[in-house]
Amino acid sequence: GNVTVSVEGTVLDGERATPFKQRDEVTRAVCLRRRGFPVSLHSGGMLTSEKSQKWSVNVPQDVTGLSASVKVMASPVASITEALAALLREPCGCFEQTSATTYPMVMALQYFKSHTGSPQELISKAEGLLKKGFEKLAGFEIKTTGGFEWFGQAPAHEALSAYGLLQFLDMQKVWAPEGGMDDVIARTRRFLSSRRNDETSSFLLDPKSLDSFGGAPANIARAYILFSLTHAGESHVLLKKQIDALHEEARGSTDPYLIGLTAGTLYNINKREEGKALAQALVQYQGEDGGVRGAPTTITSSRGDSLEIETTSVAALAWLSDEEAFADRTQLAVDWLATRCKGGRFGSTQATVLALKAIIAYDVARARASGPGSVALRVDGAEVGRVEYNEETKDALLFGGLEGRLGAGAHELELVMTGEAKMPFSGSVEYYSASPISEGAARVTLDVGIGGGELSIAQILVKVGFSEGIDADKPLPMTVAIIGLPGGLEVRYDQLRELRTRGEFDSFEVREGNELVLYWRHLAQQKNIRIEAVAAVPGTYQGRASRAYEYYGDESKFWVQTPLKVTIAPRA
């Protein structure tokens, strides 16, 4: 956490008849972090009175900073709050990352305003946060053409603009800035419509876009853009060639993500029978556990868990368009999504937003009082806490401070509910280890180094490349490297801006805790970057663990084994 350090110095001139006193004081806020590599173990699921939920955790020897808690989400607001807290811990330097915090806030307001008795202070707070988020999002708009781009640099990105349009449409239903947001919605619609290509029955895509927003294939981009435009009420007559071609492709497709987007598009233009036929086709891709699988990719080129979460969420939203016909499928999907929650997040930011969207829509469709009841937590068979709830409960039911009951070794945790409610839960065990824990097969690698000896200007060497076996001729989608800078160093912003202008990376930000975040819209080749930092404060320091990952596949991170260290000598 943050620690405030104050230093005071006083000099007395004893030779004068009246001693002359000189005094100076300096106060700085210092961010302290634990040594080692952060490890998070998560479990989740849906809790009912019909069946308790059990899971096991194993705590290794010699870990530091152990913390453990279990949260039961008594309402969708609790789920949104947890997601926001998790997303705010992530980098937030681009349009999509900013959306990852504003969009859940939109969903919170949707929930508040669709349920009577919601506290006015919560509504006012959410509206205030939305105002700040909207102002930041507006800064990413391309003023000359309309539309949006990650870092606000022309040309606008078609699929990202479609995502922005969906967000602004939902935002407008619950909040709008002074003067409204009709203009920004109209400009975004106009930009997307202007990208129609009637000769190919698709959309023009800027070549840069094919390697960003996950590098999605053109047919997926078409489906996503049409879903957004029809949701905005764009004339289906104007889009007839594109919609007809998409519908024809979806009828013969084995891609549930594409089928789900197409079903949603058809429901948007009130072609309910055609939409229902595709929604029915989705059923074959849903497993017994509720997850919808089989999609090769999504609009963000997600992989692993995020791919399945996005696909299941899109399917659930399509089924919710005809809730009476697909009620059992929707419930299975939402129950499965609850199991994918890890520390408040559902995979990548895009997956988290889609999952929350599906969960909120499901709750609105089936809103009912949860009634009185209780939830008890047992650790290794002994009850350690019990929390009561009723229909007024909105916050998460928290069982905190469990680390005292989790010594090294294996433990079993169990949640038991009474009452008629149905609530998702999330269990979290976090600690720091001396070496990194593998998080899947990362396709990106990172190496960092620093000049040795006592320094005045530190030379930080950053090397970002591809894992063995990865085709370097095919660019990786949006990639992030987070460099843990040792304390006492201050990066030179002028040099970072110069490196960005030269194309060494596409954007950067410096986060609290002295972390430098570098972004690439796509990583097409190995990068070797030399970054200068001023050795400002004497001392010996060690930075936080550095890592790199694909933005839409952040469950697979590459961790650098040795943190950066530096010694800064006092100035003579």
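The values are calculated or read from the model by the stated rules, or taken from the named source; none is laboratory data. Given the structure is predicted, the values throughout are model-derived calculations rather than measurements. Cβ atoms come from the backbone with ideal geometry, glycine included; neighbour counts cover every protein chain shown. We work out accessible area using only protein heavy atoms, side chains counted, and drop any ligands, DNA or RNA first. Shrake-Rupley method; radii C 1.70, N 1.55, O 1.52, S 1.80 Å.
May I ask you to order 298-306, 414-422, 62-70, 551-559 by the average number of other C-beta atoms within 10 Å around their residues, highest value first?
Going from most to least packed, we get 298-306, 551-559, 414-422, 62-70.
Using +1 at the Cβ of each Lys and Arg and -1 at the Cβ of each Asp and Glu in the chain, identify which of SER228, GLY133, ILE529 lies farthest towards the dipole's positive end.
The residue sitting farthest along the positive end of the dipole is ILE529.
Could you tell me how many degrees, from 0 to 90 and to the nearest 10, lie between the Cα long axis of helix 158-174 and the main elongation axis, the longest principal axis, of the Cα atoms of the chain?
Orientation of helix 158-174: about 80 degrees from the principal axis.
Pairs of alpha-carbon atoms within less than 8 angstrom and 6+ residues apart define the contacts here; what relative contact order does the range 395-469 have, in percent?
Working: 32 pairs, mean separation 15.9, N = 75.
Relative contact order, the range 395-469: 21 percent.
Quick query: amide H of ASN197 versus all other amide H atoms, modeled in the peptide plane; which residues come in under 5 Å with a sequence gap of 5 or more or a different chain?
Residues meeting the criterion, in which the H sits 1.01 Å from N, are SER202, PHE203, LEU204.
In nanometres, what is the gap between the two model label sites at ARG23 and LEU461, each 7 Å from Cα along Cα-to-Cβ?
In this crude label model, ARG23 to LEU461 measures out at 5.0 nm.
As I understand it, the value is the acute angle between the Cα axis of helix 120-138 and the longest principal axis of the Cα atoms of the chain; what does it come to in degrees, rounded to 10?
It is inclined by approximately 80 degrees.
What per residue convex hull volume, in Å³, do the alpha-carbon atoms of the range 103-156 yield? Mind dumping the intermediate values first?
Working: hull volume 4.0 nm³, N = 54.
Output value, Cα hull per residue: 74 Å³.
Modelling each spin label as a point 7 Å along the Cα-to-Cβ direction, I'd like the ARG530/LYS51 distance in nm, to one decimal.
6.1 nm
Convert each backbone phi in the range 544-556 into a coupling constant with the Karplus relation 6.51 cos²θ - 1.76 cosθ + 1.60 (shift: θ = phi - 60°), then list the ³J(HN,Hα) values in order as whole Hz, x for Gly and Pro.
6, 5, 8, 7, 9, 6, 6, 4, 9, x, 6, 6, 10
Sequence neighbours fewer than 8 away in the same chain don't count; with that in mind, list the lysines whose C-alpha is under 16 Å from LYS557.
Within the straight-line cut-off, LYS557 pairs with LYS342, LYS463.
Spin-label point model (7 Å from Cα, Cβ direction): what's the ASP380 to ILE437 distance in nm?
With each label placed 7 Å out from Cα toward Cβ, I get 1.9 nm.
Run a plain Debye calculation on the chain (Cα atoms as equal point scatterers, no solvent) and give log10 I(q)/I(0) at q = 0.08, 0.12 Å⁻¹, rounded to two decimals, same order as the q list.
-0.60, -1.28
Please list 386-397, 48-59 highest first by mean number of surrounding beta-carbon atoms within 10 Å per residue. Can you show the working numbers first?
Details: 386-397: 17.0, 48-59: 14.1.
The most tightly packed comes first, giving 386-397, 48-59.
Between GLU420 and LYS173, what FRET efficiency comes out of the Förster formula 1/(1 + (r/R0)^6) with R0 = 35 Å and r the beta carbon distance, rounded to 0.05? Walk me through the intermediate numbers first.
On the way: r = 31 Å, r/R0 = 0.87.
Result of the calculation: an efficiency of 0.70.
Setting aside same-chain residues fewer than 8 positions from LYS241, which lysines have a Cα under 16 Å from its Cα?
Partners found: LYS271.
Could you please put GLU468, GLU308 in sequence from largest to smallest accessible area, using a 1.4 Å probe? Write out the running numbers ahead of the final one.
On the way: GLU468 190, GLU308 55 Å².
Result, largest first: GLU468, GLU308.
Could you work out [θ]222 nm for the chain from helices alone, using -39500 (n - 2.57) per DSSP H run of at least four and dividing by all its residues? Round to the nearest 500 deg cm²/dmol. Display every interim value, and only then the final one.
Details: 13 runs with 191 residues, N = 572.
Counting only the DSSP helices, I get -11000 deg cm²/dmol.
Under the 0.36 nm per residue contour assumption, what length would be gained going from the current alpha-carbon distance of VAL237 and ALA472 to full extension? Present the calculation step by step, with values, prior to reporting the outcome.
Numbers: separation 235, 0.36 × 235 = 84.60 nm, distance 4.27 nm.
Length gained between VAL237 and ALA472: 80.3 nm.
As an exercise, use a Förster radius of 41 Å and the Cβ-Cβ distance of GLU324 and ARG492 to find the FRET efficiency, rounded to the nearest 0.05. Spell out each step's value before the answer.
On the way: r = 62 Å, r/R0 = 1.50.
In this case the efficiency is close to 0.10.
Quick check: net charge around ARG386, other residues with Cβ under 13 Å of its Cβ, Lys/Arg +1 and Asp/Glu -1?
-2
Output the peptides 327-336, 373-382 sorted from most to least packed, where packing is the average of other Cβ atoms within 10 Å over each peptide's residues.
On the way: 327-336: 20.4, 373-382: 15.8.
Listed from highest to lowest mean packing, they are 327-336, 373-382.
In sequence order, what are the phi-derived ³J(HN,Hα) couplings for the range 341-354 according to the Karplus relation 6.51 cos²θ - 1.76 cosθ + 1.60 with θ = phi - 60°, rounded to whole Hz, with x for glycine and proline?
6, 10, x, x, 9, 10, x, 5, 4, 5, 5, 4, 4, 5
Contour minus end-to-end for ASP289 and ASN58, with contour as 0.36 nm per residue of separation and end-to-end as the Cα-Cα distance? All intermediate terms of the calculation are to be shown ahead of the outcome.
Details: separation 231, 0.36 × 231 = 83.16 nm, distance 2.50 nm.
This chain segment gains 80.7 nm when fully extended.
Efficiency by 1/(1 + (r/R0)^6): what FRET value for SER193 and GLN153, r their Cβ-Cβ distance, R0 = 22 Å, to the nearest 0.05?
Numbers: r = 22 Å, r/R0 = 1.02.
Efficiency at R0 = 22 Å is approximately 0.50.
Taking K and R as +1 and D and E as -1, what net charge do the other residues with C-beta under 14 Å from the C-beta of PRO563 add up to?
My count for the surroundings of PRO563 gives +4.
At a Cα cut-off below 19 Å, give the lysines reachable from LYS173, other chains included and same-chain residues fewer than 8 away excluded.
Within the straight-line cut-off, LYS173 pairs with LYS113, LYS125, LYS131, LYS132, LYS357.
Using the Cα gyration tensor of the range 194-347, with a ≥ b ≥ c the square roots of its eigenvalues, what is the shape: rounded (a/c below 1.5), prolate (a/b larger than b/c) or oblate (neither)? Could you put the intermediate results ahead of the total?
Details: a/c = 2.08, a/b = 1.30, b/c = 1.59.
Oblate, because a/c is 1.5 or more while a/b does not exceed b/c.
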